[in-house]
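First comes the structure, then the notes that go with it.
The values are calculated or read from the model by the stated rules, or taken from the named source; none is laboratory data. The model shown is predicted, which means the values in this text are computed figures rather than measured ones. Counting neighbours? That spans all protein chains shown, and the Cβs are built from the backbone with ideal geometry, glycine included. The area values use the complete protein model at the heavy-atom level, side chains included, leaving out ligands, DNA and RNA. Shrake-Rupley method; radii C 1.70, N 1.55, O 1.52, S 1.80 Å.
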Amino acid sequence: MADHPLAGEHHPSPASSAATALGPLLLLPSELLHEILIRLAVPELLRVRSVARPLSSLISSPDFRRLYHLSSASSGPGPAAAWLLLFKKLPPRDAAIRGFHGPSGRWFRIPVSSILAPAVPPGEDLYFLAASGSSFLFAANGRRELVVVDLTARAARRLPPSPLGPRGTSSWRRFGLKLVADPPGSSRFRFLFAELVNNTPFLFEYRSETDTWRQSEAALAEGATTPASPDGTFLCAAHAGPDCVMVYSGSGPSSAGDDRPVFFRPRFPNAAAGAGDRLHVYGDGCAAVVRSAAVDDPATTSRVGRVKVVAGVELYGLGGAVGGDWELVAAVPGELVEGFRKPYAVMTGLLAEREGVVRLVLISNCRGAWDFVWLSYDRARAEWRWVPVPDWGGSKGLNMAGIAVSSTFSRLWPAPAASPSSSTTSSSSHQ
């Protein structure tokens, strides 16, 4: 399946021709136009806005932005409500993010080369770390620094070095970092990461508003006595299979009696931490345990070429408290697992939770071909969902340089402030 271009790429048809082709559409009542446009993905809206001037004012209006924001927030609990974003390793002049949009079932190409050019020299080796709202964060391996891209402003800039100094791409661990739009829907953001420094957990936080870093030594949590704040952050400072060091930062006093972050070492039940082929994926105070079984490779008759298939997936949480052990939340039903049981040689994953929905992405490779499994669990409904991710035609031999899930990418325009009489409140954005 081919991916679809985003506004900013060259298109042979001039804007005037596009506007002429849209003539019948422009005669529709504004309410009906809203209903049509609100079903488009963000890349499609940006493209329409760039090539059809008569629709540009409508798409940019406060009424439409509010409607699109509310629709995006209520588009469902599953993977369809978020984006799967990945970066293919290419020279900066050809750099582009591939984004899979659940509702449309399509891949989009989001070009970032022209935005990166002023901040990234030719030949630089980039790695995609995280995304939130319109902000995309990259690590530059050559210059050993961080670069943030703002899609809304179409601008890129380098971040000052963290307190740990310049860091190459291999120093960044997916389970130990987080990018947060703050406030939600704005171009401002916080970037947090946890790290062991001389065997002591530290939390590092960058704020774009002040362009400064802050570091905090984490204190040991005193048991599971402190409830987790809705806008608190869990990061994995270190892990080795089932053993991990979690760092938590909340909005109020910690169990240490101050506002310092705390750390603890949660344990899995024996079944999840036992022997066997298990992949542990951490994120946002959750953990997924993926059990696999070895089978004969159907593409070869030799037992040397054995591969693995997923046998089960379990989701664990911390029970809403800081300092406790892992507790089983739910297991993926067997009939759902059967739908994505494909042979693989290596596998990794990422895990994120936002507004009560946990999203798990498993990335596997078999004989040079990549495969993506996208699952979500809605806590309120106690429901698992799986959305098959099609191949866009470029995954064979893909040199992938970073992947992320974002449920705020569909909210590139800040939602207009609600009136005092409005009963709608916005939840804090975590991913």
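Measuring with a 1.4 angstrom probe and ignoring ligands and nucleic acids, residue 384 comes out at about 40 Å² accessible. Here's the list of aspartates and glutamates a cross-link from residue 88 could span, going by alpha-carbon distance under 15 Å and ignoring same-chain residues fewer than 8 apart: 3, 124, 125, 371, 391.
Once the chain from residue 67 to residue 229 is taken as fully extended at 0.36 nm per residue, the excess over their C-alpha distance is 55.4 nm. Computed over protein heavy atoms with a 1.4 angstrom probe, the accessible surface ordering of 342, 308, 178, largest first, is 342, 308, 178. Here region 117-216 has an Rg and Dmax of 13.1, 40 Å, counting Cα atoms alone. Among beta bridges identified by DSSP and lying wholly in region 132-216, the antiparallel ones come to about 100 percent.
Could you sort 280, 239 by accessible area so the largest value comes first, with the probe set to 1.4 Å?
Numbers: 280 20, 239 80 Å².
From most exposed to least exposed: 239, 280.
Annotation for residue 28 and residue 200: the two label points, set 7 Å from Cα along the Cα-Cβ direction, are 6.2 nm apart. Remark: the residue 381-residue 328 segment gains 17.5 nm on full extension, using 0.36 nm per residue and subtracting the alpha carbon distance.
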